[in-house]
Amino acid sequence: MNKRKISRLCFGCEALGGTDWGKFSLTDVEDAILESLDLGVNFFDTAAVYGLGLSEIKLSDVLGDKRHDLYIATKGGLQWENPPIGKRAKIVKDSSASSIKSGVKNSLRRLKLDIIPIYYVHWPDPNIPFEETFEILNKLKERELIGGIGCSNFTCSQVEKVLKISDIEYLQIPVNIFNTKILDSFLPLCSKNQISIVAYNVLANGLLTGKFHCNSFFPHNDRRSRLDDFKGSLFKDNLNRVKQIRRLADREGQSLAQYSINWVLSKDLVSSAITGIKNVNQLRENASLL
């Protein structure tokens, strides 16, 4: 597959893991995935750690045989132990050759694929040399177990170091209308090395949907309960910024979410924007941009 043909909208599948986003219906997410195929979405993003493997399993089950004809990206380089009931898993970075090798094998099994189209290192591991991590990824690519190699959550200087060892085809970084600094820092490097940028957190953990207000409550099973952006005076400041952006969206005849996603996709080198879609209505709103 040619990376230029990935759909501009990428279906983020973290919610399929069943945790960290509060109360929602997994059936609704699965229905949205199926409808997204009819609307032109061919790019799905997951990770081994989402639901401790569950997201990959469910994505494969929902897509069925169609999974072989789609761009499925997953991420590895993290390890965990199954937690006691009701407790959060302890997750550690491990990008050693053995961890990457076993991670790819396990993701292939869960996704029921012969080759993973795009495989990211989820986070840089400060304890493992990049040479070890990316040399094993190159070997796995030569064996056609993975396709494009990507970096997720790496700094610009870290990607520069990786490029001395391996080609990088995809870079996954947070990009939204609230924060342009990360994107701006990467543009020269990505342009020079023909790296496609896949943007995540384009709706700022839901702030740019406009559905929250000053009295919004986030339960313990919603990651927003742990994020500073959703607490105290910073949360109020963010809501005021959302009001300002909504006025701009209204002038363009777009919803706040559409305006925010369009803003990301208008940036140079951004090939696709990941959105964490939870139901068909959200899908239809976002997919109108395709």
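The values are calculated or read from the model by the stated rules, or taken from the named source; none is laboratory data. All of these numbers come straight from a predicted model, not from anything done at the bench. So basically every Cβ, Gly included, is an ideal-geometry build from the backbone, and we count neighbours across all protein chains shown. These area figures cover heavy atoms from the full protein model, side chains too; ligands, DNA and RNA do not enter into them. Shrake-Rupley method; radii C 1.70, N 1.55, O 1.52, S 1.80 Å.
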Taking only the alpha carbons of the stretch 1-140, what extent do you get along each of the three principal axes, in Å, biggest first? 43, 42, 23
Springs between alpha-carbon pairs under 10 angstrom, Gaussian network model over the chain: which of Ser157, Ser271, Ser60 fluctuates most? Ser157
Candidates Phe134, Phe178, Phe11: whichever shows maximal mean-square fluctuation once the chain is modelled as a Gaussian network with Cα springs under 10 Å: Phe178
Fraction of accessible area attributable to carbon and sulfur, the chain (%, probe 1.4 Å): 48
Take the Cα coordinates of the stretch 76-118, assign each an equal point scatterer, and use the Debye formula without solvent to give log10 I(q)/I(0) at q = 0.14 Å⁻¹. -0.40
Across 10 Å bins from the origin, how do the percents of Cα pairs in the stretch 16-82 run, short distances first? 19, 53, 25, 3
Which whole-angstrom value gives the distance between the alpha carbon centres of the stretch 177-203 and the stretch 1-79? 22
One computes Rg over Rh for the chain from alpha-carbon atoms, with the Kirkwood Rh, and obtains 0.95
Please build a GNM for the chain, connecting alpha carbons under 10 Å apart, and tell me which residue among Asp31, Asp250, Asp45 fluctuates the most. Asp250
Using Cα pairs under 8 angstrom and six or more residues apart, how large is the relative contact order of the chain, in percent? 22
How do 67-80, 100-113 rank on mean C-beta neighbours within 10 Å, highest first? 67-80, 100-113
Distance violations [Cα-Cα > 28 Å] among Lys90/Lys243; Lys141/Lys278; Lys23/Lys90; Lys75/Lys181: Lys90/Lys243; Lys141/Lys278
